[in-house]
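Structure first, then comments.
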Amino acid sequence: MEKTEKTEMMRVYDFLVKLSENNEKEWFDLHKSSYLEVKSIFENFTSALISKISGFDDEIDPSRLGVKDCTYRIYRDVRFSADKSPYKHHMGAYVCKGGKKSPYAGYYFHMEPPDPYSGKREKENTGFCALYAGLYRPGSGVLRSIREEAAANGDSFLNAMKYARGFKADYGNSLTRLPSGYGNIPQKWQALVKLREYSLVKTFGVDYLDNSDLADKVASDFSVAREYIHLLNRAVAYALEENY
């Protein structure tokens, strides 16, 4: 039977499309009630996602991790930006031990429609929706600890990355040369040590969102990255213990 009603997350996505086309305070104020509706939908999704992820990752404790710990404000900080658009036209949820302000690796869900003002050709401007498993912009001490772990147990990282079926390693933010002190590690581990960030990425199209059991689907997809997250968080814990 053909669907006649959109799923709740598609309603959220449609609002973000409209916001991207009307990113100004006057429009947002007129549609504030619609925003509050989709915000509630996204928060309910995030709450369900926290619970689902806790089912396969014992580092995630729903009794200590709330929706506000994992979600972000729609309002942009434009003080130091050339782009003065007042609102983000994407939404994301980062589920990790301690929440988004902690140093720990975790699971990030991101949904973002195309930017109508990007100047890109239509085929290149498809928006960006993705699942990320890993750690974004780690502090220097945490980064050093992860590199030391990768230099000592690189095969564990590579095996965990291989097991995360459907995800690809993001090598975009890497050093051009090995950091000092890592010259003797095996060639196959060197790309790991050059990384500035540690993320596995799985992109998806809009149709992925059109699922009434989306939290189940996202958690299932994330579950294959659990070992990778635990390897990173072991190194994070070492850094915190040593006060790097």
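No value in this document is a laboratory result; all are computed from the given coordinates. What you see is a predicted model, and the numbers here were worked out from it, not measured in a lab. Cβ coordinates were reconstructed from backbone atoms using ideal geometry, including for glycine residues, and neighbour counts include every protein chain displayed.
Run Lys188 past the list (1) within 24 Å of Met91 (Cβ to Cβ); (2) of a type in the set (D, E, K, R); (3) assigned to a helix (DSSP H, G or I) and report the number of the one that doesn't hold.
The one condition Lys188 does not meet is (1).
Of the residues Asp57, Asp61, only one is without any contact (Cβ under 8 Å) to a residue 40 or more places away in the chain and closer than 25 Å to Lys101 by Cβ; which?
Asp61
So Ala191 ticks every box in (1) without any contact (Cβ under 8 Å) to a residue 40 or more places away in the chain; (2) within 20 Å of Gly139 (Cβ to Cβ) but one. Which box is left unticked?
(2)
Would you call Ile60 surrounded by 16 or more Cβ atoms within 10 Å (Cβ to Cβ), β-branched (Val, Ile, Thr) and not in a helix (DSSP H, G or I)?
Against the criterion (surrounded by 16 or more Cβ atoms within 10 Å (Cβ to Cβ), β-branched (Val, Ile, Thr) and not in a helix (DSSP H, G or I)), Ile60 qualifies.
Restricting the search to the stretch 1-47, which residues are surrounded by 12 or more Cβ atoms within 10 Å (Cβ to Cβ) and among the aliphatic types (A, V, I, L, M)?
Hits for the stretch 1-47 are Met9, Met10, Val12, Leu16, Val17, Leu19, Val38, Ile41.
Which condition from (1) part of a helix (DSSP H, G or I); (2) of a type outside the set (Ser, Thr, Tyr); (3) closer than 23 Å to Val236 by Cα is the one that Glu43 breaks?
With respect to (1) part of a helix (DSSP H, G or I); (2) of a type outside the set (Ser, Thr, Tyr); (3) closer than 23 Å to Val236 by Cα, Glu43 is out only on (3).
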